Protein chains: 2
Amino acid sequence: MSLPHAILTALLERPSSGLELTRRFDKSIGFFWSATHQQIYRELAKLEQGGLIRAVPGPPARGQKKEYEVLPAGREELAGWVAERQDPKPVRDALLLRLRAAAVVGTAGLDAELERHLELHRRQLADYAAIEERDFPAGKADGENRLHHLVLRAGIGLEATWIDWLTEARAELAADPL
Amino acid sequence: MSLPHAILTALLERPSSGLELTRRFDKSIGFFWSATHQQIYRELAKLEQGGLIRAVPGPPARGQKKEYEVLPAGREELAGWVAERQDPKPVRDALLLRLRAAAVVGTAGLDAELERHLELHRRQLADYAAIEERDFPAGKADGENRLHHLVLRAGIGLEATWIDWLTEARAELAADPL
DNA sequence: ATTTCTTATGCAACTAGTTGCAGAGGATCA
DNA sequence: TGATCCTCTGCAACTAGTTGCATAAGAAAT
């Protein structure tokens, strides 16, 4: 049940309409918790009904922007969730599964995929690095920002790990194809 | 659509009944693609109906084991899937989301979670290391095994990354709590 | 002024995965 | 010999996320 909390966080950072949230979920928060506009609209309705957020007054009409803001109950809910006990989800990665499959049916066509993934991860890492340079220049570190930077560094670490591993994997396959 | 392919892979490695598969999905394959017995039974039925696997002949009865084996069509399907183009799924991690939430509502209770996750990842890494030592002793490397080892090393790399990051995160929070 | 594009919200139907429970058969034990 | 426990298969109902489409308001184009 993370989506409602992702939305509460985003709304606390800045009250927004559904579409604005959707756009923000395409960057920043979306880097580690993506969501489509459908999920967001549905969840906004639920959160409003549950009394955790409210639509900022205005004429309610279809095709009109509707801004939401977080109510005290929503903030409390979120603070509680931060401290909650939640086990990390086990890895769930189709590429690893495909390697395992390749071990029984052969590696035909696999290297192209490894190469492609390598390129994608390199690009993602470059994007993160650019954000880091832009938003977190050395030395400057106030409260909220320090945590945002920390989250970004997790993304950077993970991408770097994939890049290393994919490079190793390609070398291994090239050295002695099955 | 990875579950059917995970099952085909497992069945090619060894024909099995539903429950045997479930047990194997608690280890090895399950390290990067977990599944409950429910998912497995449902998927076995679909795969059988689709002509990709078949039940090894025997008396069909409730409460009785039913062994499945992969048919040629299933093997072809799997080989095709290995070469398929599939983008990596973006990261989706609730702990990172919680850090982001903590940046707005405060970090109360968070360090305990970071510590707990650190311990869990350390344990997972130790498990992987034990498997590596047992199944892939230095020097020995035949075809199928090399790929299995590669997959395991991905798991090891990811766990190590989390451990590094969590250690850094705790230090950062301890140094100057919000 | 009417068509057309963009912005914004939303319904309906789908796939994937989870949770809770039920029931048949065999093994064990008193 | 029947109570009870374990193994194995499975149904039903649920939550989460995805995809395709509809519809309304307002801006811009001709």
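In this structure the amide hydrogen of residue B:17, modeled in the peptide plane, comes within under 5 Å of the amide hydrogens of B:68, none closer than 5 places in sequence on its chain. Going by accessible surface with a 1.4 Å probe and the largest first, A:26, A:93 read A:26, A:93.
Shortest first, residue A:19 label-point distances to identical copies amount to 5.6 nm, with the label point at 7 Å from Cα along Cα→Cβ.
Buried on complex formation within the stretch A:125-161 (loss of at least 40 square angstrom of accessible surface versus the isolated chain, 1.4 Å probe, ligands and nucleic acids ignored): A:144, A:146, A:147, A:148, A:150, A:151, A:153, A:154, A:158, A:161.
For B:43, B:113, B:132, give the ranking by accessible area with the largest first, probe 1.4 Å. Each step should come with its number before you reach the end.
On the way: B:43 30, B:113 5, B:132 50 Å².
Highest to lowest solvent-accessible surface, that is B:132, B:43, B:113.
For chain B, report the % of Cα-Cα distances exceeding 19 Å.
Values: 10764 of 15753 pairs.
In whole percent, the long-distance tail amounts to 68.
Roughly how large is the B-A contact in terms of buried accessible area, totalled over both chains, probe 1.4 Å, nearest 100 Å²? It would help to have the intermediate numbers written out before the result.
Details: alone 12690 and 12710 Å², together 18640 Å².
Roughly 6800 Å².
Once all protein chains are placed together, residue B:159 keeps about 10 Å² accessible to a 1.4 angstrom probe.
For the stretch B:63-88, heavy-atom accessible area (probe 1.4 Å) falls by no less than 10 Å² from the chain alone to the full protein assembly at B:75, B:78, B:79, B:81, B:82, B:83, B:84, B:85, B:86, B:87, B:88. Label-point spacing for residue B:132 across the identical copies (point 7 Å from Cα in the Cβ direction), in nm and ascending order: 2.3. Just report the Cα centroid separation between the stretch A:134-150 and the stretch B:73-89, whole Å. A separation of 42 Å, based on Cα centres. Among chain B residues, the one whose Cβ is nearest the axis of the rotation from B to A, given with its distance rounded to whole Å, is B:161, 2.
Can you compute the charge dipole magnitude of the stretch A:5-48 about its Cα centre, using +1 on each Lys and Arg Cβ and -1 on each Asp and Glu Cβ, nothing else charged? Give it in debye, rounded to the nearest 20. Each step should come with its number before you reach the end.
On the way: 6 positive and 5 negative charges, 13 e Å.
Around 60 debye, computed over the stretch A:5-48.
Which value, in debye to the nearest 20, describes the size of the charge dipole of the stretch B:94-175 about its Cα centre when Lys and Arg Cβ atoms bear +1, Asp and Glu Cβ atoms bear -1, and nothing else is charged? Taking the Cα centre of the stretch B:94-175 as origin, the dipole is about 140 debye.
Inter-copy label distances at residue A:49, using a point 7 Å along Cα-to-Cβ, come to 3.2 nm with the shortest given first.
Between the residues B:107, B:162, B:44, the greatest Cα displacement towards the positive end of the dipole of chain B, with unit charges on the Cβ of Lys, Arg, Asp and Glu, is found for B:44.
Give me the percent of the accessible area of chain B that comes from carbon and sulfur atoms, probe 1.4 Å, all protein chains in place.
Carbon plus sulfur share of accessible area: 52 percent.
For residue A:148, the solvent-accessible surface with a 1.4 Å probe is about 30 Å², rounded to the nearest 10.
Heavy-atom accessible surface of the stretch A:58-178, averaged per residue, reaches 54 Å², computed with a 1.4 Å probe.
Could you give the size of the charge dipole of the stretch B:3-83 about its Cα centre, using +1 on the Cβ of each K and R and -1 on the Cβ of each D and E, expressed in debye and rounded to the nearest 20? Let's see the in-between values first.
Details: 11 positive and 9 negative charges, 55 e Å.
Using only the charged Cβ atoms, the result is roughly 260 debye.
Can you tell me what the convex hull of the Cα atoms of the stretch A:94-175 projects to on average, as an area in nm²?
On the way: hull surface 25.0 nm².
It is 6.3 nm².
Starting from the alpha-carbon convex hull of the stretch B:3-83, give the projected area averaged over all orientations, in nm².
With the hull built on Cα positions only, its mean projection is 5.1 nm².
Evaluate 2.2 N^0.38 Å with N set to the residue count of the protein assembly as shown, then give the Cα radius of gyration divided by it. Don't skip to the end; give the middle numbers.
Working: Rg = 23.1 Å, N = 356, 2.2 N^0.38 = 20.5 Å.
Here the answer is 1.13, to two decimals.
Only protein heavy atoms count here; on that basis, with a 1.4 Å probe, residue B:142 has an accessible area of about 90 Å².
The values are calculated or read from the model by the stated rules, or taken from the named source; none is laboratory data. What you see is a predicted model; the values in this text were computed from it and never measured. Quick reminder, even Gly has a Cβ in these numbers, built from the backbone with ideal geometry, and neighbours come from all protein chains shown. All accessible areas refer to the heavy atoms of the entire protein, side chains included, with ligands and DNA or RNA removed. Shrake-Rupley method; radii C 1.70, N 1.55, O 1.52, S 1.80 Å.
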